[in-house]
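The values are calculated or read from the model by the stated rules, or taken from the named source; none is laboratory data. Owing to the predicted nature of the structure, the values given are computational and were not obtained by experimental measurement. All Cβ positions, even for glycine, are placed from backbone atoms using ideal geometry, and neighbour counts span all protein chains on display. Only protein heavy atoms, including side chains, enter the accessible area calculation; ligands, DNA and RNA are left aside. Shrake-Rupley method; radii C 1.70, N 1.55, O 1.52, S 1.80 Å.
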Amino acid sequence: MDIAPGLAAAVLGLASAASWGAGDFSGGLAARRSNVFGVVVISQMAGLALIVAFAVLSAERTPTFADLGWGAIGGLVGVVGLVSFYRALSLGQMGLTAPVAAVISAMLPVLFAAVTKSLPSTAQLAGFGLALIGVWLLSRPKEVGDKPAAGLPLAILAGLGFGGALTLFGQISPGAVFWPLGFARVISISTLTVIAFATQRSGWRPSRDQIPLIALAGVLDMGGNALFVLAAHVGRLDVAAVLSALYPASTVILARMVLKERLTTPQLTGLAAALVAVALIAS
């Protein structure tokens, strides 16, 4: 039985969110015991190994220069977002940075698709709105605090970086997934390694006992990237972007199941908004 492109895109987008959220959960656990830069670099290396293996095993066609270009630029833009994100967090702005970056990263592909293609249906627009509200509520930490919004420009830059990377990855032509994403990962690893050596000096390499958890985070993150590109190929870019942006739901659910963390009222509200949003978008 054939699956409608819209439904396939929704399923792949949600699978991407689940993979990204689980990757964030694994990476977050590792970051509690290791330097953040070390976690990011090692996890990205693990993701690169996975995507190259998939490219070889699937006998994916040789990518065009255009597809490699989209991957390379997307990798660089994503690094800008990542560095800005962690810099904003270092200023103690988690209550501001996480939700702002998450919402902007979801909005950018939506705006791009609206300009280059067409507006989605009324129900989907309502779903997009609910999803963004859900992402905002799910991304907010339990304790927000009252620090000044000094990190707002960095939070906006992080969101633009993440959303820009998603938009660029969405331009990769159908039939090309693994090699362009692998090339993007090579670019990001090289850039982050240079930054780590230049700014961290020493002590950024994680201990050996943390490597499996860090590698799992990288594999899940890369899996989310591949699922997102596939979702964008079979359906609309905005649908893929908004549904994959619900990844904080996966993170908070895992925190509840594994760490026994209690869900806050805003998080529960965000989960409810996300469920309704999924139904509207998939309709």
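Determine the dipole magnitude for the chain: charges of +1 sit on the beta-carbon of Lys and Arg, -1 on that of Asp and Glu, nothing else is charged, the reference point is the Cα centre, and the result goes in debye to the nearest 20.
Dipole about the Cα centre, nearest 20: 600 debye.
Taking each pair of different alpha-carbon atoms in the chain once, compute 1/r for the pair, average those values, and report the inverse of that mean as the Kirkwood hydrodynamic radius in Å to one decimal.
Every distinct Cα pair counted, the radius reaches 18.8 Å.
Of all the accessible heavy-atom surface of the chain, with the other protein chains kept in place and a 1.4 Å probe, what percent is carbon and sulfur?
Accessible surface attributable to carbon and sulfur in the chain totals 71 percent.
Taking a 1.4 Å probe, which of Trp20, Trp70 shows the most accessible area, and what order do the others take after it? Can you show the working numbers first?
Details: Trp20 30, Trp70 90 Å².
Ranking Trp20, Trp70 by accessible area, largest first, yields Trp70, Trp20.
Could you give the DSSP H helices of the chain that reach 24 angstrom or more along their long axis (alpha carbon positions) and whose average Kyte-Doolittle hydropathy is no lower than 1.0?
Span-like helices here: 5-31, 36-57, 65-90, 94-116, 122-139, 152-169, 178-199, 211-234, 265-282.
Before I look further, what does the chain give for accessible area per residue, probe 1.4 Å, in whole square angstrom?
On a per-residue basis, the chain sits at 46 Å².
Helix-only mean residue ellipticity at 222 nm, the chain, DSSP H runs n ≥ 4 weighted -39,500 (n - 2.57), per residue, nearest 500. What is it?
-26500 deg cm²/dmol
All other residues with a Cβ under 10 Å from the Cβ of Leu254 taken together, and with Lys, Arg as +1 and Asp, Glu as -1, what is their net charge?
Taking every other residue near Leu254 into account, the sum is -1.
Which value, in Å² and to the nearest 10, is the accessible area of Lys260 when all protein chains are kept and the probe is 1.4 Å?
140
Multiply the residue separation of Arg262 and Ala8 by 0.36 nm, subtract the distance between their alpha-carbon atoms, and state the gained length in nm to one decimal.
Answer, rounded to one decimal: 88.2 nm.
Looking at segment 197-283, I'd like the Rg to Rh ratio, where Rg is from alpha-carbon atoms and Rh is Kirkwood's inverse mean 1/r.
Reported Rg/Rh (Cα atoms, Kirkwood Rh): 1.09.
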